[in-house]
Amino acid sequence: FLSHVTTKRKRKAVKNIVGPHNLPIVGAVHFAYQLNPENFLQRARENSLKYGPIHKVWAFNRLIIASADAELNEQILTSTTHITKHRLYGVLYDWLGNGLLTSDGRKWHSRRRIITPAFHFKILEEFLEVFDQQSKVLVNCLSPMADGRTTFDVYPFVCAETLDIIAETAMGTKVMAQTGGTKEYTKAVEEMTRMMAWRFLRLHIHSDFIFSILHPFKKMQMMRNLRIMHEFTDKVINERRSTLKASLAKASQETADDQEHFDVGQKKRMALLDVLLQSTIEGEPLSNEDIREEVDTFMFEGHDTTATALSFTLHILARHPEVQEKLLAEIHNVYGKEDPKPFSLMNLNELKYMECVIKEALRMFPPVPIIGREIKEDLKYKHSQLGEGIIPAGSELIIGIYKMSHDLFTFEDPSEFIPERHEKPLSKSFEYLPFSAGPRNCIGQKFAMYEMKVTLTNVIREYELLPLGEDTKAILGIVLRSKTGMQLGLRKRVK
Ligand code: HEM
C-alpha cells in the first residue's frame, strides 16, 4: 500500500510509456531479473521490437526508463541539469573516486573546465609520437603470431598498448605494460579493471558491505591493488609537482613569448597531470587526492574503451579482406609505400576511409554499450509520438547506445559491417552515440580517434589480418566484452 501511495505521482506521469506487465508490489522485477550480461544486449533488441524504443520497467518502487530513442536522448543528453550518473557507476568509486566520469554538480563543472585544455589539438599533436612508438611496440609483440596459422585473442595485446599510451600521455610515465616493465602497477590496473567489470555485472554485490561479506578474498585483493595503484600515482604526482615548481620559477623570469612557449611546450606528454598541477598553483588548490582521482579516471576510461574499440575493429577487419585492401591503399596513398612520412594531425585527418571503418566498428561494437542517469528533478520533454510529458524526479534512465546502433529502422542491415554508410552524415546525429553527446560527452574522443588511426596504420601496414577463430559474441560489461574474445590470425605482408 505504502509503495502504491509513494509511486502514485510517478505512475501518473509515465502512463503514456509502455512496458512489461506489473505484478502487485514487486512490479516487473521478474523481467529485470531475467537479464544477465550474456542475454542483456539481445533482450534489449527484442524489447525494442516489442515495446518500441522507449519503455519503462518497475522494480518494487524503482522506476527505470530505457530509451533508445534519438529524439528523447537528445533532450536528455543536451540538458545541463540531468547530469547525475546512475547508481550503477558506484562500483567505480573505489578506484576512480569522485573524478570527472562519476562526479556531478559544481565539482564536475569546475573539473571539466580545468581538464578540457589538456585535449587541445596542439597537445594531441605532441602525443602522436607516443601513439606511434607504442603501436610499433605492439607490432613487434604481435610478430610471433604472424605465421598465417596461429589463432589468438588480440585484446590482451592491444590492452597493454593502450595502457602504455595512457600512462605516458596522462602521467608522463612509461609503465611498459607491453614489455613487462612496471609489472606491479600494470598487473594491479589489469586486475582492478577485470574485477570492476565482474562486479558491475552482479547487482547484488554492488553494495560494498555485501561485497566484503560474500567475497572477502576478492575485497582484500582489491584493497591491495588499490594501495599499489595509489602509491604509484602519488609518487608520480609528487615528482612532477617538484619539477613543475622549479620550471615555473625559471619561466617567470622569461619573456611573454617564452611564457607562451612554456605553457604548451612543458605540457608535452604530461598534459593532464600538468593541467591539474598548474591549477593547484594558480587557482583553487587541488590536493594530491583530487589530482589522483582524475589521473585514475583517465587511466581507466582512457585505456579499456580504446582497447575494446581497436580489438573489435581488428577482428571485424580480419573478416572483411576487401575493406582491409581499401584501407591499405588509402594508407599507402597518404603516407607512401616506402619510407612512410611521419604522422601529423593533418595527414591523419586525410584518412577518410579509415574514419568510416572505425565509426562502423564503433557502431557495431560500441565500447560503452549503455549509459545511465539518475533524474533528480522532473525532466520535461516534447516528443513527436509521446507528446509533451515529464520523466519524474526519482526515476532512473538507461540510454541504450548498443541498442540504438543495431536498430533496424535506423540502420539498413544493422548486423552487416558497411563502413561506406558513414560517408554521409547520419540523418539524426543522436541515433549514433559511441562517445555519448552533450555536456557529458567523452572528453577523450579525439584522443581515441587519433590513437586508433595511428595503431591501425602501423598494424595494417605490417600484417594482413586473417579470419581465423570464432566470431565475437558481444556481452554487456562496463565496457563491451566478447564471450569468445576477439580472435584472428596474422600474416606478415610481403614488402
Ligand atoms: C573508443 C574509445 C572511447 C569510447 C567509445 C568512449 C566513450 C565514452 C562515453 C560513452 C562516455 C560517456 C559516459 C557516460 O555518460 O557515463 C565517455 C566519457 C568519458 N571519457 Fe571516453 N571513451 C573513449 C575513450 C576515452 C579516452 C581515450 C579518454 C581519455 C584519454 C576518455 C575519457 C573520458 C572521460 C574522462 C569521460 C567522462 C567525461 C565527463 O563526464 O565529463 N575516453 N567516454
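What the table below lists for this structure:
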quantity	calculated
Residues satisfying the stated conditions in region 389-399, i.e. open to solvent by 10 Å² or more (accessible area, probe 1.4 Å) and part of a strand (DSSP E or B)	G389, I390, I398
Selection count where residues are within 25 Å of the chain's Cα centre (by Cα) and either open to solvent by 50 Å² or more (accessible area, probe 1.4 Å) or over 20 Å from I478 (Cβ atoms) (or both), scope region 18-39	3
Number of the exception - G52 against (1) on the phi > 0 side of the Ramachandran plot; (2) open to solvent by 30 Å² or more (accessible area, probe 1.4 Å)	(2)
Output for region 364-385, where each listed residue is more than 15 Å from the ligand (Cβ to nearest atom), open to solvent by less than 20 Å² (accessible area, probe 1.4 Å) and under 12 Å from H82 (Cα atoms)	L379
Top-ranked residue in region 427-442 [being open to solvent by 30 Å² or more (accessible area, probe 1.4 Å) and near the ligand (Cβ under 7 Å from one of its atoms); ranked as nearest to F121 (Cα to Cα)]	C442
From L244, L273, residue being more than 16 Å from the ligand (Cβ to nearest atom) and either at pLDDT below 85 or buried (at least 20 other Cβ atoms within 10 Å of the Cβ) (or both)	L244
Near pairs, Cβ below 8 angstrom, 6+ apart or cross-chain, from region 313-334 (farther than 15 Å from I418 by Cα) to any residue that is open to solvent by 60 Å² or more (accessible area, probe 1.4 Å)	E330/K352; V334/E350
Subset of region 94-141 that is within 20 Å of the chain's Cα centre (by Cα) and among the hydroxyl-bearing types (S, T, Y) - its residue that is surrounded by the most Cβ atoms within 10 Å (Cβ to Cβ)	S135
Boolean, F411 is closer than 23 Å to E46 by Cα, away from the ligand (no atom under 12 Å from the Cβ) and assigned to a helix (DSSP H, G or I)	no
Region 342-354 - residue that is open to solvent by 100 Å² or more (accessible area, probe 1.4 Å) and more than 24 Å from the chain's Cα centre (by Cα) and, of those, farthest from E129 (Cα to Cα)	M346
Residue in region 314-335 that is assigned to a helix (DSSP H, G or I) and within 11 Å of the ligand (Cβ to nearest atom) present	no
Single residue of region 232-255 satisfying the filter (within 25 Å of the chain's Cα centre (by Cα) and not aromatic (F, W, Y)) that is nearest to K174 (Cα to Cα)	V236
Unique residue being at pLDDT below 95 and either away from the ligand (no atom under 16 Å from the Cβ) or among the polar types (S, T, N, Q) (or both) when the list is E420, E396, E388, E416	E388
Residue among K473, K453 that is over 15 Å from the mean Cα position of the chain (by Cα), over 27 Å from H332 (Cβ atoms) and not polar (S, T, N, Q)	K473
Residues of region 443-468 classified as outside any helix (DSSP H, G or I) and open to solvent by 40 Å² or more (accessible area, probe 1.4 Å), total	3
Test: residue in region 74-88 that is open to solvent by 10 Å² or more (accessible area, probe 1.4 Å), closer than 30 Å to F343 by Cα and not in a loop (DSSP other than H, G, I, E, B)	no
Filtered residues of region 179-203 (kept if buried (at least 20 other Cβ atoms within 10 Å of the Cβ) and out of contact with any Gly (no Cβ under 7 Å at 6 or more places or on another chain))	Y185, T186, A188, V189, M192, T193, M196, R199
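The values are calculated or read from the model by the stated rules, or taken from the named source; none is laboratory data. In this text, all values refer to a predicted model and were calculated from it rather than measured experimentally. With ideal geometry, Cβ positions are generated from the backbone for all residues, glycine too; neighbour counts draw on all protein chains shown. Note: areas computed on protein heavy atoms with side chains; ligands, DNA, RNA excluded. Shrake-Rupley method; radii C 1.70, N 1.55, O 1.52, S 1.80 Å.
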